[in-house]
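Take a look at the structure set out below.
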Amino acid sequence: MAVVFTESPANLAPISPLDMLVVAPHPDDAELGMGGTIAKMISRGWRVGVLDLTTGEPTPHGSETLRRTETNVASDALKLTWRGNAGLPNRSLQHTLEARELVASYFRILKPKWVFAPYWQDAHPDHVAATDLIEAARFWAKLSRTDMPGEPFHPDRVFYYYCIHLRLAVQPSWIVDISDHWDAKLASIRAYESQFITGRDSQPPTMLDRLHDEASNWGRLIGRRYGEPFATKEPLALDSLESIL
């Protein structure tokens, strides 16, 4: 699928409401943090989108043109329903009123039931700013008497995925079994060759080796082969204990 690069959500082609929208500071964060879960939910018929807030460039071995191509390949690997880029500045992402209105406008147009944001603790300032921005935009999206496009809308939940630059021993709220979707996650990450392969040490353990080990460790904690961790600030509701593996 082709990534929609636009700073005006009002110009988006009409789309049916999404079940999930993963908001990522940079292209590749969604894949790193929850690519397996994205692939799993899409395989079950869910409508899943990714909104990258910035292009992620400049980087040592990338360019905006190359990163856009890589993002398209990664999106195809996950079979995403929709993907867009908000065009906010990389390396200087800030929670401004203008950025809040932009992201809230995407929520109003895409109407995701659930929104996923980066975990709120991170060494990368863009990630911290992104999470603050997403949480505030969720509230703003429901405002009436505004110039924002679309109808007032409030996502039911904001959940948090782990794509962090700190060496934290995190305690997730839950872990998703991605054993059957690890290959799709890995393919989506490999698509970003300029970020994870070019110019990196090819001697093991490589970055891809470490990602495999992390997924394997999360899987071990739930008695599965591979897993992805998530956090929530709001309580979860279960209609039955049978929902727990």
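The values are calculated or read from the model by the stated rules, or taken from the named source; none is laboratory data. If you're wondering where the values come from, they're calculated on a predicted model, not measured in any experiment. Heads up: the accessible areas ignore ligands, DNA and RNA and are worked out on the full protein's heavy atoms, side chains in. Shrake-Rupley method; radii C 1.70, N 1.55, O 1.52, S 1.80 Å.
Rounded to two decimals, what is the ratio between the C-alpha radius of gyration of the stretch 152-238 and 2.2 N^0.38 Å?
Computed over Cα atoms of the stretch 152-238, the ratio equals 1.28.
Of all the accessible heavy-atom surface of the chain, with the other protein chains kept in place and a 1.4 Å probe, what percent is carbon and sulfur?
50
Take L97, L12, L245, L18 and sort them by solvent-accessible surface of the protein heavy atoms, 1.4 Å probe, largest at the top.
L245, L97, L12, L18
Just how far, in whole angstrom, is the stretch 19-97 from the stretch 184-228 if you go by their alpha carbon centroids?
If you average the Cα positions of each part, the centres end up 17 Å apart.
In sequence order, what are the phi-derived ³J(HN,Hα) couplings for the stretch 127-138 according to the Karplus relation 6.51 cos²θ - 1.76 cosθ + 1.60 with θ = phi - 60°, rounded to whole Hz, with x for glycine and proline?
5, 5, 4, 4, 5, 4, 5, 5, 4, 5, 5, 4
Starting at the first residue of the stretch 191-203, write each ³J(HN,Hα) from the Karplus equation 6.51 cos²θ - 1.76 cosθ + 1.60 with θ = phi - 60°, in whole Hz, x for Gly and Pro.
4, 8, 4, 5, 9, 10, 10, 4, x, 9, 4, 8, 7
Cα-based Rg of the chain per 2.2 N^0.38 Å, rounded to two decimals?
Against the compact-globule rule of thumb, the ratio is 0.97.
Working from the pairwise distances between different alpha carbons, so that the mean of 1/r is found and then inverted, what is the stretch 50-104's Kirkwood radius in Å?
12.3
Once amide H atoms are placed 1.01 Å from N in the peptide plane, what residues at a sequence separation of 5 or more from F5, or on another chain, have their amide H within under 5 Å of its amide H?
N85
For a quick check: with amide H placed at 1.01 Å from N, whose amide H comes under 5 Å from W174's, ignoring anything fewer than 5 positions away on the same chain?
F230
With every protein chain present, what is the per residue accessible area of the chain (1.4 Å probe, Å²)?
Per-residue accessible area for the chain comes out at 49 Å².
Whole-Å semi-axes of the stretch 71-138's equivalent ellipsoid, largest first, each the root of 5 times a Cα gyration tensor eigenvalue?
20, 16, 12
Tell me which residues come under 5 Å, amide H to amide H, from R47 once H is placed; ignore anything under 5 positions away on its chain.
D19, M20
In percent, what relative contact order does the stretch 100-245 have, based on Cα pairs under 8 Å that are 6 or more apart in sequence?
Normalised by residue count, the contact order of the stretch 100-245 is 25 percent.
Among P155, P172, P205, which one shows the biggest mean-square fluctuation in a GNM of the chain, springs joining Cα atoms closer than 10 Å?
Among P155, P172, P205, the largest GNM mean-square fluctuation belongs to P205.
Taking θ = phi - 60°, what integer Hz values does the Karplus form 6.51 cos²θ - 1.76 cosθ + 1.60 yield along the stretch 42-47, in sequence order, with x for Gly and Pro?
5, 5, 9, x, 6, 9
Would you please calculate the Kirkwood hydrodynamic radius of the stretch 1-126 over all C-alpha pairs and express it in Å, rounded to one decimal?
For the stretch 1-126, the Kirkwood estimate is 14.7 Å.
Which one, S202, S75, S216, has the greatest fluctuation when you compute a Gaussian network model over the chain with C-alpha springs under 10 angstrom?
Between S202, S75, S216, it is S202 that shows the largest mean-square fluctuation.
For the stretch 1-73, report the % of Cα-Cα distances exceeding 19 Å.
Across the stretch 1-73, Cα pairs with separations above 19 Å total 39 percent.
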